[in-house]
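**Q** I am attaching a structure below and will ask some questions about it afterwards.
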Amino acid sequence: MKTAVIVFLGGGLGSVLRYSIGKWVGTLHTHIFPFGTLAANILACFTLGILVGLADQKQLLSPTARLFWSVGFCGGFSTFSTFSLETISLIQGGFNAFSATYVIVSVALCLAATFAGMLLTQAA
């Protein structure tokens, strides 16, 4: 039960941050491309890379802290379900080039951000 509460609290925090970033980025443009979700996903992946590096390479996070931050916070912060829905919406709206770009850019940048976060902890 304690584990579920830890994940729940971290997930709530991550979800609020995801919502805030999505809203903020949405105010910066009027384009159909889902920049807010893309930004949240890249930041979540980068954060997860740092957290994994701190936990695994540097041994700086306890198992409980790792669970809170990686499973809870980053799980709530990343938005794969929203990404999927936005991709389908772009396809249904006839924006096939945008949907393909969104998928490719999201996957490439999120992988790169996770790796960069892990590398960052190795250099420190």
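The values are calculated or read from the model by the stated rules, or taken from the named source; none is laboratory data. Here the structure is a predicted model, which is why all the values come from computation and not from measurement. Note: ideal-geometry Cβ built from the backbone for every residue, glycine included; neighbour counts use all protein chains shown.
**Q** Please go through region 1-42 and pick out each residue that is part of a helix (DSSP H, G or I), within 24 Å of Ala100 (Cα to Cα) and of a type in the set (A, V, I, L, M).
**A** Ile21, Val25, Leu38, Ala39, Ala40, Ile42
**Q** Considering (1) over 12 Å from the mean Cα position of the chain (by Cα); (2) at pLDDT 95 or above; (3) crowded, with 19+ Cβ neighbours inside 10 Å, say which one Val52 fails and leave the rest.
**A** (2)
**Q** Val107 is checked against (1) touching a residue at least 12 places away in the same chain (Cβ under 8 Å); (2) farther than 21 Å from Lys23 by Cβ and fails just one. What number does that condition carry?
**A** (1)
**Q** Then there is this: Consider region 66-97. How many of its residues are out of contact with any helix residue (DSSP H, G or I) (no Cβ under 8 Å at 6 or more places or on another chain) and surrounded by 13 or more Cβ atoms within 10 Å (Cβ to Cβ)?
**A** 3
**Q** State all residues of region 7-38 that are aliphatic (A, V, I, L, M), crowded, with 19+ Cβ neighbours inside 10 Å and either in contact (Cβ under 8 Å) with a residue 40 or more places away in the chain or under 12 Å from Ala113 (Cβ atoms) (or both); if no residue qualifies, say none. It would help to see each step written out before you state the result.
**A** Let us first name the residues in region 7-38 that are aliphatic (A, V, I, L, M), namely 7, 9, 13, 16-17, 21, 25, 28, 32, 38.
In the following step, the residues that additionally are crowded, with 19+ Cβ neighbours inside 10 Å were identified as 21, 38.
Listed by number, the list holds a single entry, Leu38.
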